[in-house]
Every structure is written in structure tokens, then in C-alpha cells.
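Next up is a structure, given as C-alpha cells.
The values are calculated or read from the model by the stated rules, or taken from the named source; none is laboratory data. Being a predicted model, the structure only gives us computed values, none of them experimental. Here the Cβ is made from the backbone with ideal geometry for all residues, glycine too, and neighbour counts use every protein chain on show.
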Amino acid sequence: MWLDRPVEVLARHPGKKRRRDLLEQRRFLGPALISPAIIFIALLVGAPLGLSVYLSLTNATAGSLSGDFVGLDNFTTQWSDPNFRTAFKNTIVFTLIANLIVVVGASVLAHFLIRPFRGKWILRFLILLPWAAPVALSTIGFLWIFDSLFSVVNWVLRSLSLVDAFNPPQWLGDPTLALAAITTVHAWRLLPFATVIMIAGLASIPNEVNDAARVDGATGLKKLWFVTLPLQLPIATIAVLFGIVFTATDMAVVYILTRGGPFNSTQMLPMWAFQTGINSGSLGPGAAIALYLLPVLALVTVLMLLFARRVEVT
Amino acid sequence: MTDVNDVHESTPEEDVEIETTRRELIRRAGVGIAVIATAGMGAKTAVAGAPKYTGRELKETLRIVQWSHFVPAYDKWFDNVYVKRWGAANDTEVIVDHINVNDIPARAAAEVAAQSGHDLFFFLSPPAAYEDQVIDHKEIVQAVTRKRGKIGDLAFRSTYNPRTKKYFAFSDNYVPDPANYRTDLWGEVGIKPTSWDNVLRAAPKLKAMGNPVGIGMSNELDSNMALMALMMCFGGFIQNDKNRVVLNSKGTREALKFAKALYEQGMSNEIFAWTPASNNQAMVAGRLSFAMNAISITRTAELVNPDLANKIELLPIPAGPNGRIGLEHVMGCYVIWKFAKNKRLAKKFLADLETKYIGAFENSKFYNFPSWPNSVSNITRRLERDPVAKPAAKYKVLGEIAEKYTKNVGYPGTSNAGIDEMFNKFLIPQMFAEVAQGKRTPDDAARTYDRQIREIFQKWRDLGKV
Amino acid sequence: MPTRRRRESVLTYAVVGPFALVLAFPFYWMLWTALKTDGDLYNTENNPFGFAQGSPTLDNVRFLFEQTDYLRWLGNTALVGAVVVLITLAIALPAGYALARLSGRWGQSLGVGIFLVYLVPPTLLFLPLSRLIAELGLQDSLWALVLVYPSFTIPFATWLLMGFFKTIPRELEDAALVDGASRIRSLLHVVFPISLPGILTVVIFSFSLCVNEFVYALAFITQSSSKTISTGIYTELIRGDVFFWGALMAATLIPSIPLALLYNTFLDRFIAGFTGGAFR
């Protein structure tokens, strides 16, 4: 059989054997396989990150990559700025709410999409659309949907006589509504993505497990609680984690929909960092703002990953 | 003159322009190469182009980046006609890239970080924060001054830093900000928006008719400009002529009170959600009765709803207790990076562009006004002769606005980095919106934002820029 | 039991239907807007779901293709996506395998470390990267994107593949090893074919991440012919304070529908691979 040949080959070429032995070594092979990835990331993410940290400790301005050292001033002065505090609070609130919606929605959807039924392909196609569209463009679509004058949502509400024709709800102009609008767009965008991951998680549950469960009489809700959910938990955690990261570090949605308005009430940290560091030229403080979230997210990441590993059922 | 060498794919809207070109051609027989442009409903047309310098390698290269002009015809003229002609005359290949106006800061920062990029970079507002990254543009200013007289006061205050004595940008144009109003609706009410008092008086009636007044209070450009100008009309200034913050003043408080009253009596809550396009769209849809905006509203209406366009007219900004003070809508400022490869040609390009600004003025459909007023001769007569406007002299008032009622952001001081940051963070619209929605009293708002802006100014003062 | 199955299917439609409706409604709306003339669009009197004043029209689509470099941008985006996917696979496959099998305790922390890469917003990373791009002479070139995009596709891909490789029972590989195959051989002939679903997933996700990317494309490229769809649309269809809504909507629909079709097709395959493949 095909595996016989290598043995013959090795017997004939002892030199090659030594090289192969080296590659057999776990100690060598492992790092060898990982190193391209590590090098890539170190160069293209690690180095810029280091530079950003450096910038946050200086008073650099307007794109210049150097400045005078000011220590932690850029970080501490932020708290006296109400717009920064709003941005910080919003980042947490938006992320939590959007991902709550996503995780519930995706779990439910995945549960139903795993089985065959008529029309599944079409329905699944429709569900995948938000994820297929480039975020910058689909958000512009939402800008039109929420337009102050031509919003189709308001038109529908008006025709149902649910709102005042002259002063319809301003989805991007009222602080609460704007919050809802932005959260909705985040959730809308992430739902297909999370659903796909959940489907994968469900699909990876071996048939044997399903069969065993049926044999044991666990069906419906009982099966969901004791069998499906625990097996799904690791993957679900990963899905949530990615959702959180993508929402908390996203700038496009706020940038396009409200620019942080109305009156800077929907600011998020990445957006505020951009507005300070790039649009206003205060690069040092801007870098500091962008880095503010890093420790928080890192903590969340580590905790969730530990959790995922703990609940892994092997 | 409309340039005879228009390289144009004609759309129906531009047919009128082509007609003018033909008329001028017949008048100036024998000049240049004749353009044959056949108009057709949306059909792609073949156009004989500008003189072609076949195959010869041009000695130098000049790279420019600027915004996608709201008037696409301007970009077509600039990219395909003007720079090619200038390039041929100067043995240079000129490459023009375009970006969205909102992305200008990001790209600028990227080029500075990279220490490499375009020779000429275009900003739509005075880029005071980038002062250290650019050359002193004094030479270019002097070159144009020699031929066209003194620089306009507006451009001077927008591009000169009195503390460092440096011209941190070269402004070739600015856009005046007229008041747009519906003659039929205001006619029904019986007054004209010549003063803010009149506006407040008419507002409730207009709102009752379903045609509210529209002064944005949102995180966007139009709101910034309109509100700052409103403030100045009431005597509220952000800084004084020594660039010191004086926001907390009676004038500011009066302006805030006025704006709140105007909102409650004459506007709808859509103004808090506006994008720069919103007031355009609302006015062109027939809803707004009054807006402060560049002529993009009327120009769009001419294309989309000509009947409505005839009912929109322009006036200078309404007068307040402190007089009639307006702002530019946007300010075109070119900078030459310190690391630009071709500084000499970049300087020459700018000087040449500004010295003969007629082509730009006409091809932008009067959007671009020259920073040196003498760079376009007979502005009034040209404005009167707009081929599309009804009534024909509609745009004439722009000349008056440009001359008398257009000041720089930060007037009476200069447009410095502190003003720039405050502008980019939309602090003024934020202040007005909070008062209008009852979240702060005028006193509290003036005090709070005065303090915030002072902090920003202090930061830049420490850096030696203000 | 037939009634139970009918109840199940009613429940399915009742749940999935509304989701599909809400998720796809914006696209339906985009389609409608794309077919309207400006006169129809900017009239508040008109029913947005009806046509009037010259609608429906293909003018917006025609404008998109004739007056802008849209086709070029589509091509650029596709090209960048494809190349980046290849690079990602080339680097992430071995890395994922190594992390799943070969690295023991410190492999876990390295895996977490790779993930932490995502926590820094690109809104500021693009500045130092611009310097790098300029030094390499790649400014305004699509190759700049090809170089930088893997920096955010590789961590995700590695993570995903690590997960997939972990679900492949060691027994399969060990069996091959016992039979005398070298580890590399077993990698190529046994493990990778089974992980095809995982690879497919990486392809889909990486491509999707590339297509969505906006900040880097904006910062590195200004030449119209080298733009991707996100930046090209933004530049040429939003001019100052005029939005070309009809064309904007059309521009969004045109790539989204084929992509969604593609994803939908692959989804079937990799789920089939999951349930069918490794547990023969």
C-alpha cells in the first residue's frame, strides 16, 4: 500500500532519514509550522501596536510618528472629557446589547436551520445577505433607511397612522433612538456570521451522540438542555467572543450613521479615537483613547476562552 | 470663459453648457481646436480631445489629491483639460487622484506617517494641525500677489499663523454660504428672511404650513457653519482677534436662546439627525422653506426639479443684533508636504491655478470663488449670465456675499489648530443641540463649552501653535 | 408521527421566516431604491414601494458602470480577496495544525495570544502601517492590501483551523503513523482532506473579512483604478453633500447577491462534510 514506499525510501537514503527524523521531532515541527504566522503577526500587528503605544505616551500631532514624551497624561486627562466618558459607556452598552441579541437569535436560528425543510435554501440565502454585503456599503443602505426625511420605516409607520407625519421619530437624531439604530445595525450585521458558526457547532455533534440521546429517551427540550447546549457551548462562546470584538472595535457603523451624534451622544471609543487622533490632529490622545479598550477586551477574551475550554466536552 | 477644449461625455444636463461653448466658439473663431460634442439622451458621445502630445515622455511628474467635487463637471474639466494643458506647457505629467471629503484627514495622516505621498494635498478646511508637516507657502502667496494684488482677507486669516508667522496652506478657493429660501412660501407669509428676527417671526407660520425652517444641529459640516455664523450675528465669538477664547459671552447666550426658540417654533426634530446632504434633500423635496447652504441646493434642484428651482432664491445671511456676518461654507486649501518630491512644480501649479482662476470658477458652476478676488474678472457679470438660472440674475448676490459677508472660521482671529479641533469634534452643534433639547440652559452651555474649548486651545498653545 | 412533524415544520417557518424577512428587508429596499429616478426618489409624496415619474429605470446602474470605475473596483476586490485567502491558508493551515497537535501547554497561550491581535482597532494601526507600506514602495498599490490583510485573517483562520483539527480524532493520524508514514505525509494525505470543511470555512470567512475592510483600503490607495468597492463607492458616489442614492444602492446589491449565493452553496458542502466526513 502507499505507505510502504517511504519505509523503502528511508532504508535506501539514510541521510534523508536524519532530516525526516528532525521533522518528526515534535519540538522542531511545531515551531516550524507556527513561525510563519507568528512572524507575520509580529511584523504587521505587533510592531504597529508598539508604535501606537509609544504614540499614546507622547503629544504627537497630525500623523507625525514622533513627539515629546508626556507619560500617562493622555490617558488620565481623558476622564475629564464628558465625550470620552460617553464613548466609553456606549462601547460597553452597544456591545453587550447587540451581542445578546445576536447570541439568542443565532442559537435559535441555527437550531432550526440544521434540519432540512422546504425552502430552506432560499431562506438561508436571505439570512446570509447581511453578512455578504461589505459593511461600509450596507451601512450606507441603513443611512437611507433611517434618513431624516425619506426613511422607509417612518413611511410605513406613517401609513399605519402610528406616528405624527410632521415630526416622525428621528432614528438618527434622538439619542435613545440613535442608540437603538446603531445597536440594530451591529446585530443585523453579525447575526448571519454567528448563525453560521453555531450551525457548524451543531453539525459537529457526532451522530452517535444524537442516537445515544434518542435511545436514552432524551428528546425535545430535555435533549436541548442536557445534550445540545453543553456540546454547543464552546463554539457558542467563540461566536460571542468574535461578536464582542467585532462590535467593540468597529468604527464604520457609527462613522457612517451618526458621526457620533446627536450631540456626540452615540460616540464609541474607536470613533472618538479617530475623531481626536485623525480628524482633529491630536494623535497622542487619539492613540491613548484607542488603547483604552485593549485591557478590558483582553480580560474578557481570556476569561471567555478559559470558560470555553472548561466546558469543552471531549 | 468656458474652456473650449472641454473633454466631455455629455449628459443631458450638460447640453446647456455645450450650447454656451458653441456660441462662444463661433464668437472666437480661430482660437484653439474646435470641440464637436454631440448631445444625446444619455448616449456615450465621442469628443475630440485636447491637443495630444503624442508619445513623448514628459520630464517631470506632479501628483495631486483632492476631493471629489460636488460638481462632477469640475472634476472632468480639471482632470482632463486643465492639468493636461498645464502639464504640456510645463513638460510635466500631472496625476490627479480623488477621495471623499470625509476621508481627507485619514489619508493626510497616513501620508504624513508614511512620509510619502502626493505633492499637492487638498483640504476642504484650513489644515492648521498639519503646520509642522508642510512647507511655508509664503512664496506662492507672494507670486500670486505680484500679479493679482493682495490676498483676500478671508484667505489670509484662514491660512496664516500669526504665532509662527507661517502660511501653513495655500487657499485657491472658498465657497460662500448664502441663505436659500422659498419665494412662494415666504411670499405667503409676507416677509423676507433678511434678518433673524424676520426668520423667527415667519417660522411658526411656515411650520404650520408644513414647511419648516432648517438650521441643522447635527454632527456635520452644514450645522457647524450655520450655527457659528448665527452666533456671530448675535455677537457671540469663539475667539477674539488675539486668538483667545471668548465663547462665554452675552452674544453666545443670546444666540443659544434664539436658536432654541427657533427650533421650538419653526423647526422639526429632523435637524438633529442631519447629514450634509439632508438639508439639500429636504429643500429639493419641497419641504424646507429656508436653509443655509452653498449653491448645491439650487444646482441640484435645477437638475431634478426645475419648477422648484425657480422658486428658490438666494440672500445673504440674515442680520442679527450684531450685524450681518457669515462664514465660508468650505475653504479649499492646498498644502505641499515637506517630503513632497516635486516642490518647485507644485508651487508653480498653485500659482498658475490661482492667477487665472476663470476656468475653475466657471466650470464649478460658481461654486469655487477665488481667494484672490482679482483672479476672476467681472465676477458680477459672469454671475448674471448663468445659463440655467431662473430668474437669470439669481446668482448675482453671491458676489455681494463673497465680498462683504464671508468671514473665516475663527473670525475675528485666525483659523488655528484649536479652532480646527473644536470644529472637527462638532462642539458648537453639540452645544446648540443640547440647549435646544432642553438638556442644558444657555448659561450652563456657554460656560461648559467655553471651558472645553479653552482646554483644547491650551493644549495647542503649549505646542506653540496658537 | 405526522402531526408532530407538521407542528415542527410550522414552528420552523414561524421562526425562520421573520428572521429572514428582517435580515433581508434592507436589500429589498435597496433594490427598490436602485430602480428609481431621482425625481421619484426625492418626492415625499410618492409611495416608496411604488414607481412614479419615470421609474423603474436602469439609469442608476448604467451610471455606475459607465461613469465610474465600478467594474474595476469589483475586480480589484475579488483579486485581493483571492490572493489573501491563499496566503492565509498557506500560513494558517500549518499553524493551526501545530497549535492543535504539537504544542502542548504553551500552545494554548500562544493561541490566545494570536487572538488578542484583534483587540486593537485598525483606526490607529493604519498610521504606522502606512509608513511600512511607503518604505516598501507599495503606496497606492493593491499589493499593499495583499500584504496587510493577512494580518487580520491569519489569526482568525488559525483559530478556526485549530478548532477543526482538534475535532479530528488523533486515532486517525496515529493509525497512519503506525503504518509508517511520516508526520508530514500523514498531514497531507489524512488530515487535510478531512479538514476540507474547515478549510472551506476559512476561505469564506477570510474572503468576507477582506471584502469588508475599509480603513486600510482608504489609507493606502487613492488611485481610482486601484480602489476596492468600499472606497471607490465612497469616493465617487458621495460627492460633498450630494449622495447618489440610486447608484449607491445598486452598488451595494451587485456584489452582495453573488457573494451570498456563494456562501450559501459552500455552507451546504461544509456542513455535509462535517456530519459525513470524519465519522465514517
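Take A:Leu129 and tell me if it is among the aliphatic types (A, V, I, L, M), under 22 Å from C:Ala34 (Cβ atoms) and not in a helix (DSSP H, G or I).
It is false that A:Leu129 is among the aliphatic types (A, V, I, L, M), under 22 Å from C:Ala34 (Cβ atoms) and not in a helix (DSSP H, G or I).
In region B:370-459, which helices (runs of 4 or more DSSP H) lie fully inside it and hold 3 or more residues that are surrounded by 20 or more Cβ atoms within 10 Å (Cβ to Cβ) and more than 14 Å from every other protein chain (Cβ to nearest Cβ)?
B:396-404
Of these, B:Ile215, B:Ile238, which one is of a type outside the set (S, T, N, Q), touching a strand residue (DSSP E or B) at 6+ places or on another chain (Cβ under 8 Å) and away from chain A (no Cβ under 14 Å)?
Result: B:Ile238 is the single residue among B:Ile215, B:Ile238 that is of a type outside the set (S, T, N, Q), touching a strand residue (DSSP E or B) at 6+ places or on another chain (Cβ under 8 Å) and away from chain A (no Cβ under 14 Å).
Has region B:182-200 got at least one residue that is within 20 Å of B:Asn243 (Cα to Cα) and more than 14 Å from chain A (Cβ to nearest Cβ)?
Within region B:182-200, none of the residues are within 20 Å of B:Asn243 (Cα to Cα) and more than 14 Å from chain A (Cβ to nearest Cβ).
Something else now. Does any residue of region A:110-118 turn out to be within 11 Å of another protein chain (Cβ to nearest Cβ), among the basic types (Lys, Arg) and in a helix (DSSP H, G or I)?
No: zero hits.
Conditions tested, residue by residue: (1) farther than 21 Å from B:Gly359 by Cβ; (2) under 21 Å from the mean Cα position of the chain (by Cα); (3) more than 14 Å from chain A (Cβ to nearest Cβ).
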residue	(1), (2), (3)
B:Arg85	no, no, yes
B:Ile99	yes, yes, no
B:Phe123	yes, yes, no
B:Glu139	yes, no, yes
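Which condition number does B:Lys165 fail, the rest of (1) under 26 Å from B:Pro373 (Cβ atoms); (2) crowded, with 24+ Cβ neighbours inside 10 Å; (3) not β-branched (Val, Ile, Thr) being met?
For B:Lys165, the exception is condition (2).
Okay, residues lined up against (1) within 13 Å of chain B (Cβ to nearest Cβ); (2) of a type in the set (Ser, Thr, Tyr); (3) in contact (Cβ under 8 Å) with a residue 40 or more places away in the chain:
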site	(1), (2), (3)
A:Asn99	no, no, yes
A:Gly105	no, no, yes
A:Val108	no, no, no
A:Trp121	no, no, no
A:Leu126	no, no, no
A:Phe150	yes, no, no
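At least 3 residues that are polar (S, T, N, Q) in each: list the helices (runs of 4 or more DSSP H) lying fully within region C:152-267 that qualify.
Details: elements: C:170-178, C:183-186, C:196-212, C:215-220, C:229-236.
Of the helices (runs of 4 or more DSSP H) lying wholly inside region C:152-267, those with at least 3 residues that are polar (S, T, N, Q) span C:196-212, C:229-236.
For region A:32-52, indicate whether the set of residues that are under 20 Å from C:Tyr216 (Cβ atoms) and of a type in the set (S, T, N, Q) is non-empty.
yes
In region C:117-135, what count of residues is obtained for those that are more than 10 Å from chain B (Cβ to nearest Cβ) and either free of Cβ contacts under 8 Å to residues at least 24 places away in the same chain or among the small types (Gly, Ala, Ser) (or both)?
To start, the set of residues in region C:117-135 that are more than 10 Å from chain B (Cβ to nearest Cβ) comprises C:117-122, C:125.
After this cut, where a residue has to be either free of Cβ contacts under 8 Å to residues at least 24 places away in the same chain or among the small types (Gly, Ala, Ser) (or both) as well, the list is C:119-121, C:125.
Of the residues in region C:117-135, 4 are more than 10 Å from chain B (Cβ to nearest Cβ) and either free of Cβ contacts under 8 Å to residues at least 24 places away in the same chain or among the small types (Gly, Ala, Ser) (or both).
A further question follows. Go through (1) under 20 Å from A:Leu44 (Cβ atoms); (2) modelled with pLDDT of 75 or more; (3) within 14 Å of chain B (Cβ to nearest Cβ) and name the single condition C:Gln67 misses.
(1)
Now, a different point. Residues in region B:272-286: is at least one away from chain A (no Cβ under 13 Å) and crowded, with 24+ Cβ neighbours inside 10 Å?
Looking for residues that are away from chain A (no Cβ under 13 Å) and crowded, with 24+ Cβ neighbours inside 10 Å, one finds none in region B:272-286, hence no.
Quick one: would you say A:Ser138 is buried (at least 21 other Cβ atoms within 10 Å of the Cβ), away from chain B (no Cβ under 14 Å) and among the hydroxyl-bearing types (Ser, Thr, Tyr)? Before the answer, list the steps.
Values: buried (at least 21 other Cβ atoms within 10 Å of the Cβ): yes; away from chain B (no Cβ under 14 Å): yes; among the hydroxyl-bearing types (Ser, Thr, Tyr): yes.
Judged against the criteria, A:Ser138 is a match.
Considering each of B:Phe122, B:Phe78, B:Phe70 in turn, give the residue that is in a helix (DSSP H, G or I), closer than 25 Å to B:Val175 by Cβ and aromatic (Phe, Trp, Tyr).
Checking each option against the conditions leaves just B:Phe78.
Which of the residues that make up region C:217-226 are facing chain B (nearest Cβ under 9 Å) and either over 22 Å from the mean Cα position of the chain (by Cα) or surrounded by fewer than 23 Cβ atoms within 10 Å (Cβ to Cβ) (or both)?
C:Thr222, C:Gln223, C:Ser224
Any residue that is buried (at least 18 other Cβ atoms within 10 Å of the Cβ) and in contact (Cβ under 8 Å) with a residue 40 or more places away in the chain - is there at least one of those in region C:41-55?
Looking through region C:41-55, at least one residue is buried (at least 18 other Cβ atoms within 10 Å of the Cβ) and in contact (Cβ under 8 Å) with a residue 40 or more places away in the chain.
Quick one: which residue in C:Ile238, C:Ile204, C:Ile229, C:Ile154 is touching a residue at least 12 places away in the same chain (Cβ under 8 Å), within 14 Å of chain B (Cβ to nearest Cβ) and among the hydrophobic types (A, V, I, L, M, F, W, C)?
Testing whether each residue is touching a residue at least 12 places away in the same chain (Cβ under 8 Å), within 14 Å of chain B (Cβ to nearest Cβ) and among the hydrophobic types (A, V, I, L, M, F, W, C) leaves just C:Ile229.
Right, B:Asn240: touching a Lys or Arg at 6+ places or on another chain (Cβ under 7 Å) and under 18 Å from B:Ile419 (Cα atoms) or not?
No: the conditions fail for B:Asn240.
Determine, yes or no, whether A:Ala248 is in contact with a helix residue (DSSP H, G or I) (Cβ under 8 Å, 6 or more places away or on another chain) and at pLDDT below 75.
No.
Can you go through A:Ala287, A:Ala248 and tell me which one is in contact (Cβ under 8 Å) with a residue 24 or more places away in the chain, among the small types (Gly, Ala, Ser), buried (at least 24 other Cβ atoms within 10 Å of the Cβ) and within 29 Å of A:Met198 (Cα to Cα)?
When all the criteria are applied, what remains is A:Ala248.
Among the candidates B:Arg146, B:Arg85, B:Arg107, single out the residue that is outside the structural domain of B:Glu220 (by TED's automatic domain parsing), within 27 Å of B:Lys404 (Cβ to Cβ) and not in a loop (DSSP other than H, G, I, E, B). Before you say what the answer is, go through the steps one by one.
Details: B:Arg85 fails: within 27 Å of B:Lys404 (Cβ to Cβ); B:Arg107 fails: within 27 Å of B:Lys404 (Cβ to Cβ).
Just one listed residue meets the conditions, B:Arg146.
Which residues, counting only those in region B:289-315, are surrounded by 22 or more Cβ atoms within 10 Å (Cβ to Cβ) and part of a loop (DSSP other than H, G, I, E, B)?
Scanning region B:289-315 gives B:Ser289, B:Asn293, B:Ala294, B:Ile295.
On to the next question. Can you tell me which of A:Leu269, A:Leu291, A:Leu299 is within 27 Å of B:Gly216 (Cα to Cα), modelled with pLDDT of 85 or more and more than 14 Å from chain B (Cβ to nearest Cβ)?
A:Leu269
Of these, C:Val112, C:Val84, C:Val117, which one is part of a helix (DSSP H, G or I), touching a Cys at 6+ places or on another chain (Cβ under 7 Å) and in the same structural domain as C:Ser208 (by TED's automatic domain parsing)?
After applying the criteria, what remains is C:Val84.
Can you confirm whether region A:42-55 contains a residue that is within 24 Å of A:Val240 (Cα to Cα) and in contact (Cβ under 8 Å) with a residue 24 or more places away in the chain?
no
If you don't mind, there's one more thing I want to ask. So which residues in region A:257-278 are surrounded by fewer than 24 Cβ atoms within 10 Å (Cβ to Cβ) and assigned to a helix (DSSP H, G or I), if there are any at all?
Answer for region A:257-278, where residues must be surrounded by fewer than 24 Cβ atoms within 10 Å (Cβ to Cβ) and assigned to a helix (DSSP H, G or I): just A:Leu257.
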